[in-house]
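Novice: I'd like to ask some things about the structure below.
Any read-out appearing in this document is the output of simple, stated calculations on the displayed coordinates, not a laboratory observation. Note that this is a predicted model, so its numbers are computed, not measured. Using ideal geometry, Cβ is built from the backbone for each residue, glycine included, and neighbour counts are taken over all protein chains shown.
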Amino acid sequence: MADIQGLPRAPRTGRVAVVVSRYNELITARLLDGARQCLREHEVPDTRVDVIWVPGAFELPVVAEAAAVNGRYSVIVALGCVIRGETPHFDIVAGEAGRGLANVALAHRVAVGFGVLTTESLEQAQERAGGAAGNKGYEAAEAALATAAVLAELTRAARRD
């Protein structure tokens, strides 16, 4: 199997947590399909992947934090969909989900793939969940695997020094 975009292989130890929002499940289920496809293509067996459903995108960071703290996961993929409405709710949920997931990655030095769509419409979300714009769930899983590979290589390099 080729390296992910020229990077070292993702670590074989640990598991992958895919944390998925139930809100806008029509879209997030398609993102999950894309993430699973990516993981299989990169030789991560289904038995090493745990799918964890949460109510909405706002809840993704706290569950990702819990997954990171338990040390079982070397990769976390967060999938959600926030569609702009007529109130500022969109900005708050999308911003806090992004900030929270970034904090998890930084605090625990764990690869967190950001697969939270922030779109103006359902049609835009569909385009990004397996439509003409690809599948952002796939891309989030691939980014998380690539980041895990870099983190593992940095750890190995530090041990050699």
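Novice: How about the stretch 14-30: which of its residues are in contact with a helix residue (DSSP H, G or I) (Cβ under 7 Å, 6 or more places away or on another chain), surrounded by fewer than 21 Cβ atoms within 10 Å (Cβ to Cβ) and within 20 Å of HIS108 (Cα to Cα)?
Specialist: Listed by number, the list holds a single entry, ARG15.
Novice: Can you pull out every residue in the stretch 16-30 that is of a type in the set (Gly, Ala, Ser) and part of a strand (DSSP E or B)?
Specialist: ALA17, SER21, listed by residue number.
Novice: Identify the residue in the stretch 31-68 that is among the β-branched types (Val, Ile, Thr) and part of a helix (DSSP H, G or I) and, among all such residues, is surrounded by the most Cβ atoms within 10 Å (Cβ to Cβ).
Specialist: By that ranking, first place goes to VAL63.
Novice: In the stretch 23-75, what count of residues is obtained for those that are under 15 Å from the mean Cα position of the chain (by Cα) and at positive phi?
Specialist: 0
Novice: While we're looking at this one, here's another question. Please find, among GLY115, GLY137, the residue that is crowded, with 16+ Cβ neighbours inside 10 Å, closer than 26 Å to VAL69 by Cβ and in contact with a Lys or Arg (Cβ under 6 Å, 6 or more places away or on another chain).
Specialist: Just one listed residue meets the conditions, GLY115.
Novice: Also: Name the residue that is farthest from the chain's Cα centre (by Cα), counting only residues in the stretch 76-112 that are closer than 26 Å to VAL49 by Cβ, surrounded by fewer than 17 Cβ atoms within 10 Å (Cβ to Cβ) and of a type in the set (A, V, I, L, M, F, W, C).
Specialist: In this case the residue turns out to be ALA107.
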